[in-house]
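A quick write-up on the structure given underneath.
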Amino acid sequence: MILPRLAESVVRAALDRQAAVALIGPRQVGKTTLARSIGDERGALYLDLESREDRDKLASPRLYLERLADRLVILDEIHRMPEIFESLRGIIDEGRRSGRGTGRFLILGSASIDLLRQSGESLAGRIAYVDLAPLTALEVAPGRADLERLWLRGGFPNHFLAIDDAVSLALRKDFIRTYLERDVPLFGPRLPAATLERLWTMLAHRQGGLLNASELGRALAVSTQTVTRYIDLLVDLLLVRRLRPYHTNLGKRLVKSPKVYVRDSGLVHALLDIVDLDRLAGHPVVGTSWEGFVIETLCALLPDRTQPLFYRTAAGAEIDLLLERPDGRLWAIEIKRALTAKPRRGFYVACEDLKPARAFVVYAGEERYPVAEGVEAIGVREMAALVAAA
């Protein structure tokens with residue numbers, strides 16, 4: 001069972017205050033379904049810019065769109081017509097002068113890069129951005145079974161809802177192939193699909209590891225700069241996360257390289273050909289896969305201006321996820337794939353270094369209890385709710 005998407009209310013509120021709203025997320029994450037649901041309520045016109053017929057309607061955007069001043073217009077796959085942003089600016093400004101200043105356009109895009117680059121200047125002050133992440137622990141039915149299914153299959157709705165694990169795995173492999181052969185060439189320079197797939201798979205094997213571009217380059221027989229460019233593209237396509245280290249002047253030798261995660265745990269398992277929980281339990285990636293799953297769940301719910309980071313010293317003090325709040329306070333989070341929450345010594349040392357306002361151990365159980373002074377054990381779902389409400 002899937003509960004209503006948490007983003008729906010955010011999108012509705014954004015449309016009520018702003019002329020244009022950009023709903024950003026990877027392909028198949030549910031953008032179109034959510035947009036159509038909102039559009040049906042508001043009598044919207046839906047245009048799929050992957051359709052030549054709909055693109056042809058916008059050959060003269062202002063002529064076509066100005067007559068729709070009283071309707072919400074949904075523009076799906078906006079990267080197909082980036083030149084339309086300049087026209088939207090004029091239409092929005094004219095609408096504001098005539099009293100139609102909000103809820104004009106709902107723009108959908110499968111990556112952050114195009115929308116941010118194309119709309120950043122032309123629609124400044126006229127657009128709100130809403131990130132749509134895959135399903136989180138707060139959007140599936142309570143209970144360990146659905147939480148573990150979400151971890152195994154990932155949060156893309158079709159993958160999570162598949163009839164069984166084997167079908168889900170096949171869908172995820174199709175998803176990966178589609179990105180490699182169709183979407184990557186649209187968003188960046190033409191890259192060899194086989195090389196990019198090898199890199200993506202290597203990142204899955206090294207889930208949560210420190211980024212070492214030169215080592216990856218040697219394994220792929222490409223330059224360090226090429227590896228960096230490939231990873232930049234996967235980050236821009238919202239498929240990979242670079243988690244930055246926390247830097248502070250403590251007189252300690254701090255790790256300065258980012259950690260890298262394949263963002264969706266279901267894609268990690270598909271890249272590694274892990275079909276079910278039994279096989280996952282015996283795989284070397286099980287711990288870091290769970291770590292990445294928890295990090296993505298929490299990052300999808302972070303309040304504005306809260307920064308996700310990690311902390312590690314050369315001496316071994318480490319915090320898996322450090323949340324830096326807008327007021328400067330820190331939340332320290334240790335992540336354990338176990339039914340008992342026992343932090344490592346390095347976590348306590350790191351907390352002594354940073355003096356976080358709150359400290360948690362997120363584990364595979366559900367009970368919340370103190371494990372040490374100032375440190376609480378907490379389940380994934382309750383931690384997610386706590387982060388979302390902060």
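If only one of GLY328, GLY365 is closer than 23 Å to HIS247 by Cα, among the small types (Gly, Ala, Ser), within 27 Å of the chain's Cα centre (by Cα) and assigned to a loop (DSSP other than H, G, I, E, B), which one is it?
The match here is GLY328.
Within region 319-337, can you find the residues that are surrounded by fewer than 17 Cβ atoms within 10 Å (Cβ to Cβ) and touching a strand residue (DSSP E or B) at 6+ places or on another chain (Cβ under 6 Å)?
Across region 319-337, the qualifying residue is only GLU324.
Which of the residues spanning region 362-389 are without any contact (Cβ under 8 Å) to a residue 60 or more places away in the chain, β-branched (Val, Ile, Thr) and either surrounded by fewer than 16 Cβ atoms within 10 Å (Cβ to Cβ) or in contact with a helix residue (DSSP H, G or I) (Cβ under 8 Å, 6 or more places away or on another chain) (or both)? First the steps, then the outcome.
Just the residues of region 362-389 that are without any contact (Cβ under 8 Å) to a residue 60 or more places away in the chain, to begin with: 363, 365, 367-379, 382, 386, 389.
Filter once more, so that each one left must be β-branched (Val, Ile, Thr): 371, 375, 378.
Matches in region 362-389: VAL375, ILE378.
Pick out the one residue from THR248, THR297 that is surrounded by fewer than 16 Cβ atoms within 10 Å (Cβ to Cβ) and either under 27 Å from PRO356 (Cβ atoms) or touching a strand residue (DSSP E or B) at 6+ places or on another chain (Cβ under 9 Å) (or both).
Being surrounded by fewer than 16 Cβ atoms within 10 Å (Cβ to Cβ) and either under 27 Å from PRO356 (Cβ atoms) or touching a strand residue (DSSP E or B) at 6+ places or on another chain (Cβ under 9 Å) (or both) holds for just one of THR248, THR297, which is THR248.
Could you check, for region 340-359, whether at least one of its residues is in contact with a Pro (Cβ under 7 Å, 6 or more places away or on another chain) and either in contact (Cβ under 8 Å) with a residue 24 or more places away in the chain or surrounded by 18 or more Cβ atoms within 10 Å (Cβ to Cβ) (or both)? Before the answer, list the steps.
As a first pass, look at region 340-359 and keep what is in contact with a Pro (Cβ under 7 Å, 6 or more places away or on another chain): none.
No, the conditions are met nowhere in region 340-359.
Could you check THR33 against (1) β-branched (Val, Ile, Thr); (2) buried (at least 21 other Cβ atoms within 10 Å of the Cβ); (3) out of contact with any helix residue (DSSP H, G or I) (no Cβ under 7 Å at 6 or more places or on another chain) and say which number it fails?
(2)
For region 163-185, indicate whether the set of residues that are in contact with a strand residue (DSSP E or B) (Cβ under 8 Å, 6 or more places away or on another chain), not in a helix (DSSP H, G or I) and not assigned by TED's automatic domain parsing to the domain that holds THR32 is non-empty.
No, region 163-185 contains no residue that is in contact with a strand residue (DSSP E or B) (Cβ under 8 Å, 6 or more places away or on another chain), not in a helix (DSSP H, G or I) and not assigned by TED's automatic domain parsing to the domain that holds THR32.
Would region 248-270 turn up any residue that is farther than 24 Å from GLN28 by Cβ, outside any helix (DSSP H, G or I), under 18 Å from the mean Cα position of the chain (by Cα) and of a type outside the set (Phe, Trp, Tyr)?
Yes: region 248-270 contains one or more residues that are farther than 24 Å from GLN28 by Cβ, outside any helix (DSSP H, G or I), under 18 Å from the mean Cα position of the chain (by Cα) and of a type outside the set (Phe, Trp, Tyr).
Would you mind telling me which numbered condition in (1) in a helix (DSSP H, G or I); (2) modelled with pLDDT under 95; (3) β-branched (Val, Ile, Thr) THR201 fails?
The number of the failed condition is (2).
The values are calculated or read from the model by the stated rules, or taken from the named source; none is laboratory data. Predicted model, so just to flag it, every value in this text is computed and none were measured. All Cβ positions, even for glycine, are placed from backbone atoms using ideal geometry, and neighbour counts span all protein chains on display.
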